[in-house]
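Student: Shown below is the structure under consideration.
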Amino acid sequence: MKMEIERSRCMALVKLTGELDHHACEKIREDLDGILRMSSTKAMVLDMSGVSFMDSSGMGLLLARSRLAADRSVSLVIAGATPEVGKLICMVSLDKQVPLFDTAEQALEYVKNEREQVRING
């Protein structure tokens, strides 16, 4: 599993590539938790377009990160999930907690608009 992180001000784009299985989850968890716990992080986009396989460990990782994000008031969105990965996400109703987008660009636009609404209303 390969992970690339791009940060811009209060957002993080995390691109995952490879198999999200029990072998990869510990390192990915540590890195994602570090990003989510940074006080400057207000939004995180997980670009999963490069994830070729995900097992129950990967699903658990996503569920737990969605809870941590919610606890820290961080907007978490998922982009580019393959049909197979998307089906798993829907099976555990994660799509009810975390918005899903076809592309990272769409997810980033959503996050920017959401942050703008917070500034206007807030």
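The values are calculated or read from the model by the stated rules, or taken from the named source; none is laboratory data. Worth saying up front: this structure is predicted, and the values here are computed from it rather than measured. With ideal geometry, Cβ positions are generated from the backbone for all residues, glycine too; neighbour counts draw on all protein chains shown.
Student: In region 60-83, how many residues are farther than 18 Å from I28 by Cα, in contact (Cβ under 8 Å) with a residue 12 or more places away in the chain and more than 11 Å from the chain's Cα centre (by Cα)?
Tutor: The total comes to 4.
Residue-by-condition table, conditions (1) among the charged types (D, E, K, R); (2) modelled with pLDDT under 95; (3) under 14 Å from Q97 (Cα atoms):
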position: E19; (1), (2), (3): yes, no, no
position: R29; (1), (2), (3): yes, no, no
position: L32; (1), (2), (3): no, no, no
position: M38; (1), (2), (3): no, yes, no
position: D47; (1), (2), (3): yes, no, no
position: G50; (1), (2), (3): no, no, no
position: M59; (1), (2), (3): no, no, yes
position: A69; (1), (2), (3): no, no, yes
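Student: Oh, and also: So which residues in region 94-115 are under 24 Å from E30 (Cα atoms) and not aliphatic (A, V, I, L, M), if there are any at all?
Tutor: D95, Q97, P99, listed by residue number.
Student: Quick check: anything in region 51-64 within 16 Å of V111 (Cα to Cα) and surrounded by 14 or more Cβ atoms within 10 Å (Cβ to Cβ)?
Tutor: No, because not a single residue in region 51-64 is within 16 Å of V111 (Cα to Cα) and surrounded by 14 or more Cβ atoms within 10 Å (Cβ to Cβ).
Student: Any residue in region 113-120 that is hydrophobic (A, V, I, L, M, F, W, C) and outside any helix (DSSP H, G or I)?
Tutor: no
Student: Separate question: All but one of (1) touching a strand residue (DSSP E or B) at 6+ places or on another chain (Cβ under 6 Å); (2) surrounded by fewer than 15 Cβ atoms within 10 Å (Cβ to Cβ) hold for K15; which doesn't?
Tutor: (2)
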